[in-house]
Structure formats: C-alpha cells, structure tokens
Amino acid sequence: MNSASPESLLEALQWRYATKKFDAARPIPAPVWSALERSLVLTPSSYGLQPWKFLVVTDPGAKRSLVPHSWNQTQPVECSHYVVFAARRTVDEAYIDRWVALMTSERGLPPNALDGYRNMMVGGVAKGMQGSRVFEWATCQCYIALGQFMASAAVLGIDACPMEGIVPARYDEILGLAGGDYGTVVACAAGYRASDDRNATLKKVRFPAADVVTTI
Ligand SMILES: Cc1cc2nc3c(=O)[nH]c(=O)nc-3n(C[C@H](O)[C@H](O)[C@H](O)COP(=O)(O)O)c2cc1C
C-alpha cells in the first residue's frame, strides 16, 4: 500500500469545502467516478451488515425533480453525480443469512462456521432492535459511508456537498423507495466547483483542537 503523507492528507481535507455552486458542464470522468463508487461499497459497517443503498442520480430530469425537495438548493442539478444514501428500515433473519452465506463462500469456510456470529447478529439486530431502532442504526451506518465518500472525493480532487437540507419522504417518492425496504437519509453532491463559487474562498473555521480532542 502506498500511504499518503500527513501533509497531502491535510492538504486535501483543507482544500475540500461544502460546495454550493458546481460547474454543471464538467462531469466526473468515468475512472474517477468508478473509484468513488467503490469507496461507497467499501465502507465499513456494524457487523459488516451494510444496511444501505446508494442511489446515484445522473439523469438531468431526475436531478431537476429533486431541487424543490432540497430546500431549492441547486447542488442536485448542477453537480455531476448526486448520491442519495438510503438506510434499511428492517433487518430480518433472511437478510442476515444472505450476508452469512456470502461471507462463508467468499472466505471458503465450512458450513456453519459462522453460526455463532449469525446468532449474535440475529440477537443484536433482527430481534434486538425494536420499532424504528433498525432504521436509526442503519442511518448511522449511512453517515459512515457519507464521511468515507467525502474524504475519498477530497483525496481525488473532487468537490462535494453533503446535503441534509432535503425532504426524505419526497425523495423516497421520486426515487421509488416509498413503501420499500430502504428510506432516504442524506445525500451528497459530487463534481467540480464553479469558478465563481464564493464559498470556495471562505476561511475554514473549526473549534480549536484542544476544545474537541482530549488525549488521555
Ligand atoms: C450531514 C451534513 C449535512 C449538510 N447539509 C448541507 C446542506 O443541505 N446544504 C449545504 O449547503 N451544506 C450542507 N452541509 C455543509 C456544512 O454546512 C459544512 O460542511 C460545514 O459548515 C463545514 O464547512 P466545510 O464543509 O466547508 O468545511 C452539511 C454538512 C453535513 C456534514
């Protein structure tokens, strides 16, 4: 593995900002997008259960239809790729069994080798989380994917804007999620900043490290 230097990591994280205005004429090249898509798939999750779907919206009409349900923010339509993070509403034993079967075959394990792990997941998630608790837990996992996606974008020189200013129920209707296994949580626009995006030059402001980091 070629490690990034501390300087190059910080340079990328300092360079990134929540992009308000994208250059609508500049799409992300396919190989770059492919790596970003892979960063979504590679996101770690609790028990490895991956309780999410990532809907990548590139169709101009679909992007336009999301704007009124995004507090009229223009990022969905001006960006290159608009990712909607949707969380699973339920996790049942069948879902867990599908995951266990995949791990068993991919790692060449004997049948039943993961029985203990399976039962732990069934107890902890399928039976252990009541009501909306699964969706809340899956929502947390989606935010891990969002963070990984934004950091990956920064390292690749791709601009992004995380978007919580959306109406999840309307997104669900437009994207065909309503009544299904997944519900919209958050979104992220990705592409290239417009040359006149005023936010690009704003000073990055954070509480001092001493206020938010305690080394014990
Ligand atoms: C989960 C999340 C949701 C956000 N939602 C929006 C949004 O809907 N619209 C927007 O313009 N910025 C949004 N932001 C951007 C934040 O305002 C921004 O990240 C923060 O002010 C720090 O600035 P920086 O990202 O430019 O360093 C969101 C950020 C996060 C992490």
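The values are calculated or read from the model by the stated rules, or taken from the named source; none is laboratory data. All of these numbers come straight from a predicted model, not from anything done at the bench. Cβ sites come from the backbone with ideal geometry, for glycine too, and all protein chains shown count toward neighbours. For the accessible areas, the whole protein counts, side chains as well, though only heavy atoms, and no ligand, DNA or RNA atoms are used. Shrake-Rupley method; radii C 1.70, N 1.55, O 1.52, S 1.80 Å.
Please find the FRET efficiency linking Ala94 to Tyr143, where r is the Cβ-Cβ separation and R0 is fixed at 30 Å, and quote it to the nearest 0.05. According to the calculation, E is roughly 0.70.
Mind checking the dipole of the range 15-162: about its Cα centre, +1 per Lys or Arg Cβ, -1 per Asp or Glu Cβ, Debye to the nearest 20? Each step should come with its number before you reach the end.
On the way: 15 positive and 11 negative charges, 51 e Å.
Here the size comes out at about 240 debye.
Would you rank Arg107, Arg118 by solvent-accessible area, highest first, keeping every protein chain in place and using a 1.4 Å probe? Please list the in-between numbers first.
Values: Arg107 170, Arg118 45 Å².
Sorted by accessible area, descending: Arg107, Arg118.
With contacts defined as alpha carbon pairs under 8 Å and 6 or more residues apart, what's the relative contact order of the range 17-164 in percent? Write down the numbers at each step before the final one.
Working: 155 pairs, mean separation 53.3, N = 148.
Rounded, it is 36 percent for the range 17-164.
Just name one of Pro60, His81, Trp99: the one whose Cα is farthest towards the positive end of the charge dipole of the range 25-130 (beta-carbon charges, Lys/Arg +1, Asp/Glu -1). My answer, from the dipole projection, is Pro60. Give me the percent of Cα-Cα pairs in the range 19-88 that sit more than 18 Å apart, rounded to a whole number. Everything past 18 Å amounts to 46 percent. Note on Lys20: lysines with a C-alpha under 30 Å away, same-chain residues under 8 apart excluded, are Lys53, Lys63, Lys203, Lys204.
Using every pair of separate Cα atoms, the Kirkwood estimate puts the hydrodynamic radius of the chain at 19.1 angstrom. Dividing the helix sum by the residues of the chain, where each DSSP H run of 4 or more adds -39500 (n - 2.57), gives a mean residue ellipticity at 222 nm of -12000 deg cm²/dmol.
Between Met120 and Gln14, the modelled label-to-label distance comes to 4.1 nm, taking each label 7 Å out from Cα in the direction of the beta carbon. Compared with the dominant Cα axis of the chain, that is its longest principal axis, helix 93-106 is turned about 80°. The residues Leu156, Leu10, sorted by heavy-atom accessible surface at 1.4 Å with ligands and nucleic acids left out, run Leu10, Leu156 from largest to smallest.
Relative to the present Cα-Cα distance, how much length would full extension add between Leu202 and Ala25 at 0.36 nm per residue of separation?
Working: separation 177, 0.36 × 177 = 63.72 nm, distance 2.36 nm.
Taking 0.36 nm per residue and subtracting the Cα distance, the gain is 61.4 nm.
Here the calculated FRET efficiency for Thr215 and Val56, from their Cβ-Cβ distance with R0 = 25 Å, stands at 0.05, rounded to the nearest 0.05. In whole angstrom, the range 165-216 maps to an equivalent ellipsoid with semi-axes of 34, 22, 8, each derived as √(5λ) from the alpha carbon gyration tensor and ordered largest first.
Whenever you get a sec, line up Lys127, Lys20 from highest to lowest accessible area (probe 1.4 Å, protein heavy atoms). Before the final figure, lay out the partial values.
Details: Lys127 130, Lys20 90 Å².
Order by accessible area, largest first: Lys127, Lys20.
Computed across the range 107-216, the Kirkwood hydrodynamic radius from all distinct Cα-Cα pairs reaches 18.2 Å.
The alpha carbon centroids of the range 178-201 and the range 113-137 are separated by 31 Å. When the P(r) is computed for the range 11-58, the part past 15 Å accounts for 66% of the Cα-Cα pairs. For the chain, the longest principal axis of the C-alpha atoms and the axis of helix 6-15 are separated by about 70°.
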